[in-house]
Amino acid sequence: MNNEGEAQSPNSKLQTPNSKSRIRATHTFPREFKWGTATAAHQVEGGHTPSDWDGWEKLPGKVRGGGTAEIACEWWAGRWREDFDRAANDGQTAHRFGVDWSRIEPRMAVWDEEALDHYRQMAKGLRERGIEPMVTLHHFVNPLWLAEKGGWENPAIVSYFERFVRKVVNALKDIVDLWCTINEPNVGAYQAYADGVWPPGEKDMSACFRALRHMLLAHAAAYRAIHEIQPQARVGIAHHFEFIDPWRPDFAPDRWVAGLQNRVFNEIIPQALHTGRLAYPVGQGARGERLPELAGTMDYFGVNYYSRRSSTFDVSQAASLFGRTFHTPGAEVDNLAQNELYPEGLFRALEWANGFGLPILITENGWGDEDESRRNRALLLHLRQTWRAVNFNFRVQGYYYWTLVDNFEWERGWDQRFGLYALDVATQSRSPRPAAHLYAEVCKTNTFSADMAARYAPELLPTMFPT
């Protein structure tokens, strides 16, 4: 029997209050697995740009608390360097960052070479730190000149986007070969053209589907342009999954509406890029459109996953395809009730994505909350589902946590904090959250373990690492 204060051997079992001894267990990922973080240009750069979002933020009531991205994280002023140092010191081997179309082409067909050089320096800075860059070419923000021409509702945007993509890829092709053309087309189209909470603030499902169609055509045009310039490139989109489950699985109308909402929100985009057939919901005539140029335009499947919702049939909710959605009663949610903690949904998303036969990258996953213990718990639970997917031989090759440092979260402003590093916007000081230390251990060891759970989220031990 050990005397009080006697050191235990490295092989001893973990001791937790009011529990039996627990066996040390370590979950290991494949040797080449990529660990990183993701950011978006407008959310971190700061400074005014001639964009639709720059003006939108100034309109009363459009952003919680009147927040803006005017300062953001000061990456345009150069503070990306210290944040990339943090990522490298924490063992990260991948980073997804964005370029801002409105900086590079502030006026139609007028190019800012200094802005392009700034992005070159960022990409080189990642390489110099041993971090693989992924560049997102469009992350919700349009140049003002383009917004004034109708934005994503204007068919001409397809050729405008291709021209922009060619300019960027030619500038970065010697440094970057992993590209995300458009971030979350489903979210961008819905928020801007159906729900109306993002610019241009429309509430028209027909406009939403026109915008979505043009996004897919723009992606396909960009895909071919990138491969023409850079044959070895890997090109895809970051697709947002938010599972919608029937509130009453034994009630046929709930099953029907949840199935319809899932098809529209989760399925039609990757299916169109896989098959070349763009399906439409009931409200659009239940027809499909053949767009063969879309087929086969994903080299990897990018999965963004945060949450799920429940749905019940409600004839008054035409804008939501006759389904009223809500968080599952009793579920754990974040401080803004934006996301529901449902880590099994990540496995379900990866299982579905795996059916496309492509390599998979988890291009975003994270938890924004004021409760640091819940952030740790959410991270470990989602990593467990990632490890589970890998062990089912799903082709998951990397994980990008959202996000490296607190940033401007669109209509939520600064009220939702996802960063591994907390940011004081006024002073621009950064401080690591407990999750930053946890994620650094994961990145450096390529594992997560019972020991990590015991130190960062001991409440998980009985279910994650039972006796």
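Any residue at all in the stretch 405-412 that's assigned to a loop (DSSP other than H, G, I, E, B), surrounded by fewer than 19 Cβ atoms within 10 Å (Cβ to Cβ) and in contact with a Leu (Cβ under 7 Å, 6 or more places away or on another chain)?
No, because not a single residue in the stretch 405-412 is assigned to a loop (DSSP other than H, G, I, E, B), surrounded by fewer than 19 Cβ atoms within 10 Å (Cβ to Cβ) and in contact with a Leu (Cβ under 7 Å, 6 or more places away or on another chain).
List pairs: first in the stretch 402-425 and among the basic types (Lys, Arg), second part of a loop (DSSP other than H, G, I, E, B), Cβ under 6 Å, 6+ apart or cross-chain?
Listed pairs, sorted by first residue: Arg417/Gly368; Arg417/Asp406.
Residues Arg96, Arg81: which one is surrounded by fewer than 22 Cβ atoms within 10 Å (Cβ to Cβ) and either in contact with a His (Cβ under 9 Å, 6 or more places away or on another chain) or not hydrophobic (A, V, I, L, M, F, W, C) (or both)?
Exactly one residue qualifies, and that residue is Arg81.
Here is a list: Leu381, Leu336, Leu350, Leu341. Which entry is surrounded by fewer than 18 Cβ atoms within 10 Å (Cβ to Cβ) and either touching a helix residue (DSSP H, G or I) at 6+ places or on another chain (Cβ under 6 Å) or aliphatic (A, V, I, L, M) (or both)?
Criteria check complete, one pass: Leu336.
Is one or more of the residues making up the stretch 437-448 closer than 19 Å to Glu82 by Cα, among the aliphatic types (A, V, I, L, M) and touching a strand residue (DSSP E or B) at 6+ places or on another chain (Cβ under 7 Å)?
No.
Given the condition under 24 Å from Thr386 (Cβ atoms) and within 15 Å of the chain's Cα centre (by Cα), answer yes or no: does some residue in the stretch 313-331 qualify?
No, the stretch 313-331 contains no residue that is under 24 Å from Thr386 (Cβ atoms) and within 15 Å of the chain's Cα centre (by Cα).
If we scan the stretch 360-378, do we find a residue that is surrounded by 20 or more Cβ atoms within 10 Å (Cβ to Cβ) and farther than 22 Å from Ala435 by Cα?
yes
Here are some residues: Arg430, Arg417. Which one is crowded, with 20+ Cβ neighbours inside 10 Å, basic (Lys, Arg) and not in a loop (DSSP other than H, G, I, E, B)? Walk me through how you get there before you give the answer.
Values: Arg417 fails: not in a loop (DSSP other than H, G, I, E, B).
Unique residue meeting the criteria: Arg430.
Any residue in the stretch 67-91 that is within 19 Å of Cys443 (Cβ to Cβ) sitting within a Cβ distance under 7 Å of a residue that is of a type in the set (Ser, Thr, Tyr)? List the pairs, counting only those 6 or more apart or interchain.
Arg86/Tyr421; Ala87/Thr37; Asp90/Tyr439
Name the residue that is farthest from Tyr399 (Cα to Cα), counting only residues in the stretch 129-173 that are assigned to a helix (DSSP H, G or I) and charged (D, E, K, R).
Ranking the qualifying residues of the stretch 129-173, first place goes to Glu148.
Every number in this text was worked out from the coordinates using simple rules, so none of it is lab data. If you're wondering where the values come from, they're calculated on a predicted model, not measured in any experiment. When we count neighbours, we look across all protein chains shown, and the Cβ atoms used for this are built from the backbone with ideal geometry, even at glycine.
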